[in-house]
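Read the figures in this text as sums done on the coordinates, not as results from a lab. Not measured: the values here are computed from a predicted model. Glycine also receives a Cβ, built like all others from the backbone with ideal geometry; neighbour counts cover every protein chain displayed.
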Amino acid sequence: MAVSGAAAPAQLPDAGVLAEVALSADEYRLAVRRLERAPSEVELGVIGALWSEHCGYKTSKPLLGRLPTRGPGVLQGPGENAGAVDIGEGLAVVFKIESHNHPSAIEPYQGAATGVGGILRDVFTMGARPVALLDSLRFGPHDEPRQRWLCDGVVAGIGGYGNCIGVPTVGGEIYFDDSYRHNCLVNAMCVGVIEHSRLTRASAAGPGNPVLLVGADTGRDGIHGATFASVELDESSEERRPAVQVGNPFLEKCLMEACLELAGDPRVVAVQDLGAAGLASSTAELAHRGGCGIEVDVAQVSRRERGMTAYEVMLSESQERMLLVVQAGAEDAVRAVFDRWDLHSDIVGRITDTARLVVRDGDAVVCDLPLEMLIDEVPLRHPASRPPAATPALLAHDPLAERPPWPAGEALLRLLGSPNIGSRRPIFRRYDHQVGDDTVIAPGADAALLRIKETSLALALTTDGNARYGVLDPRRGAAIAVAEAARNLSALGAEPVAVTNCLNFGNPEKPEVFWQLQQAVEGMSEACEALGTPVVSGNVSLYNDTTGVSIDPTPVIGMVGRLEDARRHVRAALAAPGDSVALVGPIAAELGGSEYQRLAHAVNAGPRPELDLGLEARVQALVRAAVAAGLLHSAHDCAEGGLAVALAESAILGGLGCRLELAEAEASGPPSQGAGILFGESQSRFVISYSGESALQLAQLAQEHRVPFRVLGTVGGDRIVIGQIVDVSLADARTAYDDALTGPATATVGHG
Amino acid sequence: MRFGIAVFPGTWSDRDCAHAVGLDGHQAVMLWHKDRELHGVDCVILPGGFSYGDYLRCGAVARFAPLMESVADFARRGGLVWGICNGFQILCEAHLLPGALLRNASLQFRCAPAWLRVDTTESPFTASCRVGDVLQIPVSHGEGRYVADQATLDQLEREERVLFRYTRPDGGPVGAASPNGSLRDIAGIVNHDGNVLGMMPHPERACEPLLGSADGMRLFRSVARSMEREGTAAGVG
Amino acid sequence: MRFSSEVVVTLRPSINDPQGLVVHDGLRQLGFTGVRSARVGKYIELEVEAADEASAQAVVTQMCEKLLRNPVIEDYRITVRPLGGAPSSGSPT
Amino acid sequence: MRFSSEVVVTLRPSINDPQGLVVHDGLRQLGFTGVRSARVGKYIELEVEAADEASAQAVVTQMCEKLLRNPVIEDYRITVRPLGGAPSSGSPT
Ligand SMILES: Nc1ncnc2c1ncn2[C@@H]1O[C@H](COP(=O)(O)OP(=O)(O)O)[C@@H](O)[C@H]1O
Ligand SMILES: [Mg+2]
């Protein structure tokens, strides 16, 4: 077939053209060799998009193969729009996490909002009704007005989309750190539920079947968003930025309801959302998954703007659009469903048996490419790998040798008031976290808990990923992220089931960054294997760099857990005066990578916390068993701020004080020994409370699980007292905690 | 009894309301915005959500839906109409209730527990409550600041048409803890005839102890009981 | 004929305008100490087909009365001009 | 001197305007079939103290650049007039 607009094969397009589609000269030559001709303009755009890091995973694909993706309950692993896992009663949970870092850095509200819109589509594309959203955020230092402005815009955007569409935002996390000053991270996770029989795949079939494009008209939004996310930001990014995508959650709500009406309908062969690289990637992936070909006519695509070229229509990232393959003859019936929701639909093409992507613009063929080339033959990159030169010096640092600047009580209050620890209420109260009428445990606890109506089941949900450990050891850091996520689920009594992940890293062409990426995937894999939680979906966001500086390696873990009986859960809050308080897990003094170290010494150095995955699994099993047996009144895992902060949080949440003994914190040792015991972030630990009657049984359970178990003291009073070294009033602790994110210097500065 | 639940494009608490209604074995009948048929329901709920995206003004477009003509008619004939959140906004836009709901004073969306003091029980919506009861029912809205002119506010109070006010958990004045800055802490009002209620908080989210509160159930029970007492709204639906 | 119309919808002066207050404070914080007050409203740009300017003006007025403003809290102002031409103003409220 | 300034902030033409779409559809459903397009923006009314009209215009322009409009997606237009006087227009973007 003659493709119009093709250049002469011999010459290389000028550098500007290649840069626009983010192809290297070698990659361009490879394409020419493969096609035995020069690609047309449209073809070049399509190749650039599909061979981009964002769509083609050209750097990360070889690494992702390492992830454990199989397990007894896994119905759908990576490769589809989202992963799916069996949760019993004929139901599946469908979930995925995705980044919208680059767009959010440029326009925080719309960037975050469209990130939420995109991840919702990934879930309802599979036929599942979204039941929850979570958001994992990273910004620069909280006391800088620009960072607060960004954060405020991102939070408003997430709420703006989620609240409007009516899916509750039930969890997430937020950290402030220098590392993200020029590259904020905005990761959104969506969780849906569906009957197995209605699970829809994005795999085309049936040559001759029509292809329907449904939803918003196509505009010049975000053209080259995919390639944009695959290069570093620099000063000129403001200029090169694609027309910012503005989300329309109202339209997506209608689209979602219409798609859910059609879920499981045999007349619908396949459904694929339009995300990065718009029609180009969605048509190619849809057809290729089913081993088919596809032919589309851009002239049939409804447009928002006049004068759009075929190139622009194929690469537009206009939001709220869906592609459906429908059984021939059923077009009208399927379109009637969309009509009822006042959604526009166009028949834009049909499935073929050619294994090619053919794009017409009316009569002219403007693109004719083999799908294999676009998807299976993505030229992979194998960058050099090398640990950062600074690492040995960092690890040699002895955090316990530093002199603590504050007495322990004051340190505790400062930690509670840290923007990385204090109450997240100022954020989550801006999210509807209840719509759907399933939220048993709202944000503010270790994990969210959602009951599933008409069953006894509940889902526990969390996202986690502390990058500070990863700076010291990316492998261990990623493993800790998995362990901590699982710990948060176990804290409620839920059984961790499966994982989604977002790998947020710098420019992988730097050997140090690629090494971090390799290590992190390795660590994540080890932990997922040890804890029995396969990875069923994920996303990779590389090139989080500005002017050559990379973010800290930030793998974010989204985890889903299952609770057999929704009523059998515990919360983090201390529950009754007179209860005993105990620590499950080891006592150690590990300050490397801790929040205490950041606040007290403004460094991140020394050995990262140890992680014994076997112990981790046993500790969590013990807590789940204790919850199931009804032995606990509260459970809370120890995370940032260590044991003392975990105790204080349980006290604040419960409105009850406690009086505890912790001899190790008072014993003599290196200068920061006490701080290390109180605030060190040793892994595999929970603070629990329970009534006297359960004491014996608990101690026995701990022994059976071969887990250290240590009674610390009792609940009661209005102070938090730890031996002779901590004595703070509950009121002071609460004030510090509550005001951590609202303190002075509220940023009204900025645009919008 | 049968509760009709309006579904506009952008409505989302329709499903939650249907679930709440079903807890006591009542029937939920979904009413599509393009239809005019009310299917003989006893009470129409206009549920929460962002009808038409709440673009321009909340409820501004929804009030013109064909269904709303039937609902207005139903209300005029004495039928029970219960606007929750977006439903309250729609009722104000449709002038079935006085006043308007503006952006929260904080300019931020608020999803949080709220406490409502019941100010009158001379209403089918609160018949099973006692005056002064404090109900824990959550709010979830960005535009819930109730405003009306002085004369209207005075009239509402005089005619005991303020059903709910935001308070503290102990029933004391809410002050700066108001979720939205409503004038006179108004959370819910009825029309002159008492058969049309608009309230910003979400009773359908407070119908099961597992979800944190069952106080909202008392409103559904009030409606059911008063309907039983009066016989079904045969002459109305 | 094609007309372009601009509608400005503002909160009645008696209605508290927290958004305006935030803009006011924000501007002052940025050092714009000369700002005395700020109020925020809506701006709607319409393209309408009408026989002449007077009927364009009339139809946009009706749009405002029916949908674009809420009479309980808002006022409005309309400008209409033939596409490519000069504005003509009117303030019916 | 006291000036009254009106700022209109609109979405760039290529930016998607969901609000405008709903207003458009809403108007058509109400029978205003002559409406061809609708776009929604913001309107900000300011009172500023300035030495003369030119400096009032300059300072409001700065306010737009620094706070009132989002340069990534919005354009703006300014009108300034002495309080009680006649308008003077300028479109710096
Ligand atoms: N870090 C990862 N771990 C596991 N699976 C991943 C990861 N990154 C991407 N994937 C999988 O690769 C596929 C393509 O991802 P993506 O391009 O983000 O999908 P979409 O275009 O639907 O948003 C998905 O099935 C996704 O789950
Ligand atoms: Mg997808």
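As a proxy for reagent exposure, B:H26, A:H102 were ordered by neighbouring Cβ count within 10 angstrom, fewest first; the result is B:H26, A:H102.
A 19 angstrom limit on the alpha carbon distance is what I want to check against. Which of C:K42/C:K66; A:K253/C:K42; A:K253/A:K453 exceed it? Intermediate results must be reported in sequence, preceding the final value.
Values: C:K42/C:K66 16 Å; A:K253/C:K42 25 Å; A:K253/A:K453 21 Å.
As for pairs spanning more than 19 Å Cα to Cα, those are A:K253/C:K42; A:K253/A:K453.
Please state the shape class of the protein assembly as shown: rounded when a/c is under 1.5, otherwise prolate if a/b exceeds b/c and oblate if not, all from the C-alpha gyration tensor. Rounded, since a/c falls under 1.5. Annotation: amide H of B:G99 has no partner in the under-5 Å range at sequence separation 5 or more or interchain, hydrogens built in the peptide plane.
Within the shell of other residues whose beta carbon sits under 10 angstrom from the beta carbon of C:Q19, the net charge comes to +2, with Lys and Arg scored +1 and Asp and Glu -1. Here A:K510 is the anchor, and the lysines within straight C-alpha reach of less than 16 Å, apart from those fewer than 8 places off in the same chain, are A:K58. Where does the charge balance sit around B:A214 when Lys and Arg score +1, Asp and Glu -1, over other residues with C-beta under 12 Å from its C-beta? With Lys, Arg at +1 and Asp, Glu at -1, the neighbours total -1.
Counting Cβ atoms of other protein chains within 10 Å of each Cβ in A:161-173 and taking the mean gives 3. Here r is the Cβ-Cβ distance between A:A389 and A:A15 and R0 is 35 Å; the resulting FRET efficiency, rounded to 0.05, is 0.60.
The simple spin-label model puts a point 7 Å past each Cα toward its Cβ; for A:D565 and A:R34 those points are separated by 5.6 nm.
Counting other C-beta atoms within 10 Å, which of A:W515, B:W82, B:W32 has the fewest, and how do the rest follow?
B:W32, A:W515, B:W82
Peptide A:482-490 has a mean of 0 when you count, residue by residue, the C-beta atoms of other protein chains within 10 Å of its C-beta.
If we count other beta carbons within 10 Å of each Cβ, what is the order of C:S37, A:S684, C:S4, fewest first? If you can, show how the numbers build up before the last one.
Details: C:S37 14, A:S684 27, C:S4 19.
So the ranking, lowest neighbour count to highest, is C:S37, C:S4, A:S684.
Between B:E160 and A:A364, the distance separating the two model label sites (each 7 Å from Cα on the Cα→Cβ line) works out to 7.7 nm.
Only bridges whose two residues both fall in the protein assembly as shown count here: according to DSSP, what percent of them are antiparallel, nearest 5? Mind showing how you got there, number by number?
Working: 171 of 213 bridges.
In the protein assembly as shown, approximately 80 percent of DSSP beta bridges are antiparallel ones.
Only sites in a loop by DSSP and with at most 11 other Cβ atoms within 10 Å count here; which trypsin sites (Lys or Arg not before Pro) in the range A:1-74 make the cut? Listed in order of number, the matching sites are A:R70.
Computed from the C-beta positions of B:Q27 and B:H95, the FRET efficiency with R₀ = 25 Å rounds to 0.25. Rounded if a/c is under 1.5, else prolate if a/b beats b/c, else oblate: with a ≥ b ≥ c from the C-alpha gyration tensor eigenvalues square-rooted, which is chain B? Cα axes put chain B in the rounded bin. Neighbours of A:G162 by Cβ distance under 9 Å: Lys/Arg scored +1, Asp/Glu scored -1, total -2.
Any chance you could run the full-extension gain for A:Q697 through A:R70? It's 0.36 nm times the residue separation minus the Cα-Cα distance, nm to one decimal. Show your work: numbers first, answer last.
Values: separation 627, 0.36 × 627 = 225.72 nm, distance 3.58 nm.
Gain on extension, A:Q697 to A:R70, equals 222.1 nm.
Each Lys and Arg adds +1 at its Cβ and each Asp and Glu adds -1 at its Cβ; summed about the Cα centre, the protein assembly as shown shows a dipole of about 1020 debye. Our estimate of slack between A:S24 and A:D739, defined as 0.36 nm per intervening residue step minus the Cα-Cα distance, is 252.4 nm.
Work out which GluC sites (Glu not before Pro) in chain B are exposed loop sites (DSSP not H, G, I, E or B, at most 15 other Cβ within 10 Å) and give the longest gap free of them. Please report the intermediate quantities before stating the final value.
On the way: sites that count: B:E37, B:E122, B:E159, B:E160.
Between the exposed loop sites, the longest stretch runs B:38-121.
Would you work out if the range A:419-490 is rounded, prolate or oblate? Take a ≥ b ≥ c from the square roots of the eigenvalues of the alpha-carbon gyration tensor; rounded if a/c is under 1.5, else prolate when a/b is larger than b/c, oblate otherwise. Note, shape of the range A:419-490 comes out oblate. Neighbouring Cβ atoms from other chains, within 10 Å of the Cβ of residues in A:248-257, number 5 on average.
Working from label points 7 Å from Cα in the Cα-to-Cβ sense, the B:A214 to C:A51 distance is 6.7 nm. Under the combined filter of DSSP loop state and at most 12 neighbouring Cβ atoms within 10 Å, the range A:448-514 retains these GluC sites (Glu not before Pro): A:E454.
Find how many whole Å separate the alpha carbon centroid of the range A:6-69 from the alpha carbon centroid of the range A:413-485. Computed from Cα coordinates, the inter-centre distance equals 39 Å. In loop segments of the range A:564-600 as defined by DSSP, the trypsin sites (Lys or Arg not before Pro) with at most 12 further C-beta atoms inside 10 Å of their C-beta are A:R567.
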